[in-house]
Amino acid sequence: GIQVEQSPPDLILQEGANSTLRCNFSDSVNNLQWFHQNPWGQLINLFYIPSGTKQNGRLSATTVATERYSLLYISSSQTTDSGVYFCAVDKVQGGSEKLVFGKGTKLTVNP
Amino acid sequence: DAGITQSPRHKVTETGTPVTLRCHQTENHRYMYWYRQDPGHGLRLIHYSYGVKDTDKGEVSDGYSVSRSKTEDFLLTLESATSSQTSVYFCAISETFYGYTFGSGTRLTVV
């Protein structure tokens, strides 16, 4: 099956700093998503991005499918950005995805 | 937003007892999933459903069964709970070109 590796595993920032999280995957995919798990355990869908670039406020993501990686950018980080960020992929597209998750990047933003 | 609720939110049960977790959605989505989350393993797929009475196994299905008699409800059953099934269980629905929306999770402790 597809392997998903995320780096770094842990990241500590001061409020206001920028960061880049990376997701590498071992095979071609048609579905890639980024999730944020907040300190209360809730999983939030950040981006559906099998290719290209998307932005949502201070967050943006880029997937280069041909090179099998995706990047999540967080600018001007805030303490509320703390939590674990997961990348997940599947070869299937169109609603029947069975996502395979990476182990996540744990982000801590200090005030 | 897809309305997806899980019940119960927390449960403690004894080894050997049956346990059923419920996932309820309000928007008629065809695809539903059960994942478990464990430290060091990330999220792993247990079972999924692609319609009423249509289900299939995921990566870690041993010891679990599922049922979907109505579009809105997807039940996960542990026939005889074991300590290795202590975990946080997440249900998800999938929407085309949006991806997964997760429920709030059920924290299950088997003692």
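Please treat every number below as a calculation from the coordinates, not as lab data. Being a predicted model, the structure only gives us computed values, none of them experimental. Positions of Cβ are backbone-derived with ideal geometry, glycine not excepted, and every protein chain shown enters the neighbour counts.
Apply the a/c threshold of 1.5 to the C-alpha gyration tensor of chain B and tell me whether it is rounded, prolate or oblate. Write down the numbers at each step before the final one.
Working: a/c = 1.72, a/b = 1.58, b/c = 1.09.
Since a/c reaches 1.5 and a/b is larger than b/c, the shape of chain B is classed as prolate.
If a/c stays under 1.5 just call it rounded; otherwise compare a/b with b/c (prolate if a/b is bigger, oblate if not). Do that for the stretch B:1-47, with a ≥ b ≥ c from the square roots of the Cα gyration tensor eigenvalues.
On the way: a/c = 2.20, a/b = 1.40, b/c = 1.57.
Taking the square roots of the gyration eigenvalues as a ≥ b ≥ c, the stretch B:1-47 is oblate.
Using the Karplus curve 6.51 cos²θ - 1.76 cosθ + 1.60 with θ = phi - 60°, what ³J(HN,Hα) values do you get for each residue of the stretch A:100-109, in whole Hz, with x for Gly and Pro?
10, 9, x, 7, x, 10, 8, 9, 10, 10
Which ³J(HN,Hα) values, rounded to whole Hz and listed in residue order, are derived for the stretch A:77-92 from phi using the Karplus coefficients 6.51, -1.76 and 1.60 in 6.51 cos²θ - 1.76 cosθ + 1.60 with θ = phi - 60°, glycine and proline given as x?
4, 10, 4, 6, 7, 4, x, 10, 9, 10, 9, 9, 9, 7, 7, 8
Once phi is turned into ³J(HN,Hα) by the Karplus curve 6.51 cos²θ - 1.76 cosθ + 1.60 with θ = phi - 60°, what whole-Hz value does each residue of the stretch B:30-45 show in order, with x for glycine and proline?
6, 9, 9, 9, 10, 10, 10, 10, 9, x, x, 10, x, 9, 10, 6
Find the relative contact order for the stretch A:4-110 and round it to a whole percent, using C-alpha pairs within less than 8 Å whose residues are 6+ positions apart. Don't jump to the answer; show the numbers that get you there.
Numbers: 275 pairs, mean separation 40.4, N = 107.
Result for the stretch A:4-110 is 38 percent.
Semi-axes of the stretch A:4-110's equivalent ellipsoid from the Cα gyration tensor, sqrt of 5 times each eigenvalue, largest first, rounded to whole Å? Intermediate values should be presented prior to the final figure.
Numbers: eigenvalues 104, 37, 30 Å².
With the √(5λ) rule applied to the stretch A:4-110, the semi-axes are 23, 14, 12 Å.
If a/c stays under 1.5 just call it rounded; otherwise compare a/b with b/c (prolate if a/b is bigger, oblate if not). Do that for the protein assembly as shown, with a ≥ b ≥ c from the square roots of the Cα gyration tensor eigenvalues. Kindly include the intermediate steps, with their values, before the conclusion.
Details: a/c = 1.90, a/b = 1.46, b/c = 1.30.
Prolate is the answer for the protein assembly as shown, as a/c is 1.5 or above and a/b outweighs b/c.
Projected onto the charge dipole of the protein assembly as shown (+1 at Lys/Arg Cβ, -1 at Asp/Glu Cβ, origin at the Cα centre), which of A:S75, B:C91, B:V110 gives the Cα projection farthest towards the positive end?
So the residue furthest toward the plus end is B:V110.
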